[in-house]
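The values are calculated or read from the model by the stated rules, or taken from the named source; none is laboratory data. For clarity, every value in this text was computed on a predicted model and none was experimentally measured. Don't worry about glycine lacking a Cβ; one is built from the backbone with ideal geometry, like all the others, and counts go over all protein chains shown.
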Amino acid sequence: MNSVTTIWKKELRIYAVNPTAYAFLAVFLFLAGLFFYLGVTLTGEASLRVLSSNLAIAELFILPMLTMRHFAEERRQGTLEMLLTAPISPFSLVIGKWLASVTLCGLMFVGTGVLPIILAYYGDPDWGVVFSTYVGLLLVAGAFCAAGLFTSTLLDDQLAAGLLGILVLLPFWLISRAEALVGDDLALKLQPFGVLNHLEAFGRGIIDSADVYYFTAMTFTFLFLTYRSLESRRWR
Amino acid sequence: MAMNQARRRFAAGSNSLFVSVIVVAVACVGYLLVDLHRVRIDLSADQGAALLPDTLTKLALLDRDATPVTVTAFSGQRGKQESYYKDRALRDLLDEVDFASQVVTVAFVDFDKERLTAEKLGVTDYSTVVVQRGAARVDIKDRELFKRVGKGEERHLEFLGEKALDRAFAQLTADNHRVVYTLVGHGELDPENHDLGGLSEAAAVLQQDDYKLERLDFVRQRDMPVPRVPDDAAALAILRPKVPIPSLEEDLILAYLSGGGALVIAVDPESPVPSILGRLGVVIPSGRVLDKILVFPYPDRPVPRYKSHPITRDLSDDSLVTVVSGVAPVQAAVPPLEGIRSTIVLETSRDGWIDRGGALKNGQGLYEPEIDGQGPATMAVALEVSRDSGLVRKGIGRVLVVGDSDVFTNGLLSEGPGNASFVLNSFRWLIGDEARISVIGGAKKARRLALTAEDGDQIRWLAIGLGPLLVLLLGVSVWASRRGR
C-alpha cells in the first residue's frame, strides 16, 4: 500500500509541474463549458445530460493523451527498468499510476463544479441527478485511464501510445451509435458493450449495478492487461 | 540455448495470453450475471426517474399474461419550443418500460424521418404514442402526455406520459369496460363537479384503471322499466348523502349487494346514516374523530394509521399519509354479524378519541372521559359479506365504510400524498382487482431554465471562459516559476 501511495504522490507531483497537464485541463474545462453552454441554451433544461454524454466522448480523446506518458516516457528515458527492478511490485506501479490519473480527472471534475452552481443560480436542478452524472463520468474516466495506461505499456513513443489508446477506446463509443452503422438487430446485440449506453442512466439519476459493473470490469480488465504487459518484459 | 529461450518465451507468452483471455471472458460472463440480477438506485428527486409502483404492477400483469405489447412513440416537432424535453421525456419513459418488462417492445420513431412507420400506424400528429396488444390499440396524444400548469413565472410543463401509458395498459388488459356508479339525488358528492368538494379528480384517478365514474339517479332512471343498479356496475358509491335515502332505494342497493356487488359508503359526522349500515352491523356513533397526532395546522385532521388490509398495504409500506378531514367514527359490530367479516382499514393512534364537544385548548379538542369515546377510534372498515349473512345470495359482497367523504374529493385528493392511491386501491379491492393494488404517483415536472439573451451571455463567459482561463494562468505561472529556477 505504501508503494502505491509513493507512486501516486510522485505521479501527482509530475502532473503538478507539467505544463502539458494544465493545457489538457484547460482544454477539458473549455470543452465542458462549451457543451454545458450549448446544452442549456439549446434544450433550456436545468440538467447536465447533454454535457455528460459529450464530455464522455471528450474524455475518450483527452485521457489517453494524459496517460500516454506514464510508461512510454519511463521506457524512453530508461527509468522503467529501474522501476521494475526496485522493490515495488508491478501491481503497485500500475495502481499508483492509475490512481494518480483518476485523481487528476477528479480535479478536472471539481473544476467543472461551477456549472451546477450556474444551474442552481438560474434554475432548480435535481441535485441527485447532478451527483449521479458525476459518478458516471468518474467511472468512465477510471476505465479510460486504465485503457490509456495499457496502451502506454505497449509503445515507446508517447504520441503513438496516446493514439493507440484512442483507437482502442473508439469502438466502445461507436458501438453506442451502432444503429446508425449496422442493422437494428446487430445494434441491439452490441448495445451492452457501448460506453454511452451505460452512461445514459447516470444522467437520469439512476445508478444501475450493471452499469457500475461494466465500468468497473472495463477498468479492472485494462489494469490487468497493463500488469501482464509490464510483467511480460521479464520473459520477452 | 536459443531454442530453450524461444520455448520459454512461447510458454510464458501463451500462458499470459490464455490468462488474459480468461480474465476478459470472466468479465463478460460477470456482466451477463449482473445484468440478470440488476439493482437500481434512483437518486433523482422523489425517485422520479424510475417507474412508479403502479406502472410496475401493471407491467408485471402484462408479463404474466405474456401477450406481446408494442409501444411506438413518435417524436415532437423539431424546432418547436420544448421539443427536446418532450422527446427526451418520452425516450426515458420508454427506456424504463423496456427495462421493466419482458413482453413490452418499445420504439421511438422520428416522425419527420420515418413517415412510412407513421403512415402504417395511421399517425398524423407529432408526440403521439401508440400502444398495441394483439388487435387492440390505444393512441395517446400530445395533450395527454404533456400539460402546462401554474401561472406567470411558476408556469411550467409537466410530463404525464407514465400516467397515460398506465391508462393505456389498463385499457388493453381490462376484460370489459367497468363503470363505478355514484348515487346522486340526495345531495351526494358529484363526479361532474370540478370544485374542491367535487369528484372530478376521483373520476380521473379511476380512469387510470379504466374505471368510469358515472352518476346513478334512481328517480331519473328512465332507460329501465324498473329502477335498479345497472348490470355493468363494477361498484356503487354512496358518498355523503345530505338527506336520508328512501327505503325503496336502499332496497335497490341491497338487491345489488345481494348479487355479490361492491359498495363504498362515506359519511360525515353530520350527514344522515344510511340504514343499510345497520343491516351490515356497522354503527356511526355521534361525535367526530380526533387525535393528538394531527395534520398541521388543522385541528380536525387526525393522521390515520393504516391497519393490515390490502387497500392500505402498499401505502403503509411507502409511509404515504392519507389526509382525512372532519371524520365520523365507524364501529363494526363486535362480535360481527354472522356471515360478515369486518376488518379495520383506518384507525387513530392510541391517543385518538371520539370527541363529543366540551372544552377546547388553543382551538383544539380535548379528551374528556366523561363525555368522549375512548380511542383508538376507527375511521374506516372493510366488510366481506357472505351468503351466511342472508344478505348475499351469490358470491361475496364487499363493502367499504369510510367515516369521511372529503377523502374522495378534489380538495383532499391532490393534497394528501396517499389519497389518490387510497381511493383507487379501495375500488380495486371492492371490485376484486387486488393484483393491481399499488401506489400511484403524480406528474413529473420539467426542470427548465428561463434564460434571457443577457443570461445566455453571462453563462457563456462563466462556463467557457472562466475555468480554462484560470487553469491556463496557473499553468503559465508554474511554467514560469520552473523556468526561473
For B:ALA233, state whether it is crowded, with 22+ Cβ neighbours inside 10 Å, under 31 Å from the mean Cα position of the chain (by Cα) and hydrophobic (A, V, I, L, M, F, W, C).
no
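Can you pull out the helices (runs of 4 or more DSSP H) entirely within region A:103-198 that have at least 1 residues that are among the aromatic types (Phe, Trp, Tyr)? Walk me through how you get there before you give the answer.
Working: elements: A:114-122, A:127-154, A:158-176, A:184-190.
Here the list reads A:114-122, A:127-154, A:158-176.
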Hey, among the residues in region A:83-102 that are part of a helix (DSSP H, G or I) and among the polar types (S, T, N, Q), which one's farthest from the chain's Cα centre (by Cα)?
A:THR85
Scan region A:43-82 for residues that are in a helix (DSSP H, G or I), within 30 Å of B:GLY76 (Cβ to Cβ) and within 14 Å of chain B (Cβ to nearest Cβ) and jot them down.
A:THR43, A:ARG49, A:VAL50, A:LEU51, A:SER52, A:SER53, A:ASN54, A:LEU55, A:ALA58
Quick one: in region A:197-217, of everything that is of a type in the set (A, V, I, L, M) and within 7 Å of another protein chain (Cβ to nearest Cβ), which residue is surrounded by the most Cβ atoms within 10 Å (Cβ to Cβ)?
A:ILE206
Somewhere in region B:171-178, is a residue β-branched (Val, Ile, Thr) and out of contact with any strand residue (DSSP E or B) (no Cβ under 7 Å at 6 or more places or on another chain)?
yes
Among residues of region B:276-299, those that are free of Cβ contacts under 8 Å to residues at least 40 places away in the same chain and surrounded by fewer than 18 Cβ atoms within 10 Å (Cβ to Cβ), counted:
4
Pull out all pairs, ordered by first then second residue, where Cβ-Cβ is under 9 Å, the residues are six or more apart or on different chains, the first lies in region B:460-474 and is under 26 Å from A:LEU42 (Cβ atoms) and more than 7 Å from chain A (Cβ to nearest Cβ), and the second is among the small types (Gly, Ala, Ser) and crowded, with 23+ Cβ neighbours inside 10 Å.
B:GLY465/A:GLY33
When the residues of region B:1-60 are narrowed to those that are in a helix (DSSP H, G or I), among the charged types (D, E, K, R) and buried (at least 17 other Cβ atoms within 10 Å of the Cβ), which ends up farthest from the other protein chains (Cβ to nearest Cβ)?
B:LYS58
Within the group B:ALA237, B:ALA233, B:ALA262, B:ALA255, which residue is in contact with a Phe, Trp or Tyr (Cβ under 6 Å, 6 or more places away or on another chain) and within 19 Å of B:TYR181 (Cα to Cα)?
B:ALA233
Test of understanding: among B:LEU216, B:LEU206, which residue is crowded, with 23+ Cβ neighbours inside 10 Å, closer than 24 Å to B:SER325 by Cβ and in the same structural domain as B:ASN425 (by TED's automatic domain parsing)?
B:LEU206
Positions within region B:185-202 being surrounded by 21 or more Cβ atoms within 10 Å (Cβ to Cβ), aliphatic (A, V, I, L, M) and under 21 Å from the mean Cα position of the chain (by Cα), in sequence order:
B:LEU199, B:ALA202
